[in-house]
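The block underneath contains the structure these notes are about, expressed in structure tokens.
The values are calculated or read from the model by the stated rules, or taken from the named source; none is laboratory data. Predicted model only: the values in this text are computed from it and were never measured. We place every Cβ from the backbone using ideal geometry, glycine too, and count neighbours over all the protein chains shown. Calculation scope for accessible area: heavy atoms of the full protein, side chains included, ligands and nucleic acids excluded. Shrake-Rupley method; radii C 1.70, N 1.55, O 1.52, S 1.80 Å.
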Amino acid sequence: MHTGQPLGSGRTADVYAIDESWVLRRYRDGTDATPELAVMAYLAASGFPVPRIGPPAGPSMPVSDLVLQRLTGPTMAEALFAGTLSGPEGAETLALLLRELHTIPPRLSHDPDDRIIHLDLHPENVMLTPHGPMVIDWSNASEGPPELDRAMSCLILAQVSLDPSFPAGAALRGLLGELLDRLAEDGGVPADALARARTLRAADPNLTAQELAVLDEAAELIAAAAG
């Protein structure tokens, strides 16, 4: 379909304006967005803060396209770097979002301990809208134990904080410590969950060489802080 003004690009997808209310999210490699659409629809029906799903743009709309609500406001990462959101406030918001998400039972799994898990919930995937925080980018979403989701969020933060080219690494490690303190109330980040998150992260083909290089150190940082 015809796309409008480019609004942003991630590792695997680009976002374009359709109009003032809707955007188009398109996977560059043609990935089928149908599973992501199903998860988002389920979460919206459960009351979790995700962008509204728009009507298909046409009968020939590629499976790699998603029409989603156009959100206004900064990402949590932008607000943290601008100083309009403090580290403790950011950690509290992330912890609350993870906690709320993990109250939602799975769509498909019959394991009573499984929940919907995002597996990429970090400050760049939280939009701070006038109506409250919204969680975006559900491409990695799955069903499984909540502790795996908590471990993955922390591992991603730790990896970024260890990137020597990242100017706010120390501040991000502070945010990580604040988040781990709050996640302790929900069971924290057990060693087995951290090990599984590390394995999943290492297998991610979209990781950069730098992210892979600091993966073990990031896991050790979390284990030391959580211990």
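What a 1.4 Å probe finds exposed on the stretch 102-227 is 53% carbon and sulfur by accessible area, rounded to a whole percent.
Could you tell me whether the stretch 131-227 comes out rounded, prolate or oblate from its Cα gyration tensor? Rule is a ≥ b ≥ c as square roots of the eigenvalues, rounded for a/c under 1.5, then prolate if a/b exceeds b/c, otherwise oblate. Verdict is rounded for the stretch 131-227.
Under a no-solvent Debye model with one identical scatterer per Cα of the chain, what's log10 I(q)/I(0) at q = 0.09, 0.12 Å⁻¹? With no solvent term, the Cα-only Debye profile gives -0.36, -0.66.
Let me make sure I get this right: for the stretch 6-107, a, b and c are the square roots of the gyration tensor eigenvalues over alpha carbons, sorted descending. Under 1.5 in a/c it's rounded, otherwise prolate if a/b > b/c, else oblate. Which is it? Judged from the Cα gyration tensor, the stretch 6-107 comes out oblate (a/c at least 1.5, b/c at or above a/b).
Computed with a 1.4 Å probe over protein heavy atoms only, the accessible surface of the chain comes to 49 Å² per residue. Each residue of the stretch 138-154 is assigned a 3J(HN,Hα), and the resulting list reads 9, 5, 9, 4, 8, 10, x, x, x, 5, 5, 5, 4, 5, 5, 4, 5 Hz, derived from the Karplus form 6.51 cos²θ - 1.76 cosθ + 1.60 (θ = phi - 60°), x at Gly and Pro. Close amide H pairs (under 5 Å, H built 1.01 Å from N) link I104 with I116, residues at least 5 positions away or on another chain.
Taking the three principal axes of the alpha carbon atoms in the stretch 57-183, the coordinate ranges are 47, 37, 29 Å, sorted in descending order.
The mean sequence distance of close C-alpha pairs (under 8 Å, at least 6 residues apart), as a share of the length of the chain, puts its relative contact order at 16 percent.
The modelled label-to-label distance between T208 and A38, using points 7 Å beyond Cα along the C-beta direction, is 3.4 nm. Normalising the average separation of contacting C-alpha pairs (under 8 angstrom, six or more residues apart) by the number of residues puts the relative contact order of the stretch 1-88 at 26 percent. Projecting the alpha carbon convex hull of the stretch 51-131 along each direction and taking the average yields 7.4 nm². Taking amide hydrogens as placed 1.01 Å from N in the peptide plane, the amide H of T129 sits under 5 Å from those of M134, each at least 5 positions away in sequence or on another chain. Where Lys and Arg each count +1 and Asp and Glu each count -1, what net charge lies around A170 among other residues with Cβ under 14 Å from its Cβ? Net charge around A170: -1. In sequence order, the stretch 99-115 has phi-based couplings of 4, 5, 4, 7, 8, 8, x, x, 7, 10, 5, 9, 6, x, 8, 6, 9 Hz under the Karplus curve 6.51 cos²θ - 1.76 cosθ + 1.60, θ = phi - 60°, and Gly or Pro positions carry x.
Here the stretch 169-220 has an Rg and Dmax of 12.3, 34 Å, counting Cα atoms alone. Each Lys or Arg adds one and each Asp or Glu takes one away; over the other residues whose Cβ falls under 13 Å from the Cβ of D186, this sums to -2.
With a sphere of radius 10 Å drawn around the Cβ of D14, what net charge do the other residues whose Cβ falls strictly inside it have (Lys, Arg +1; Asp, Glu -1)?
Here the charged neighbours net out to +3.
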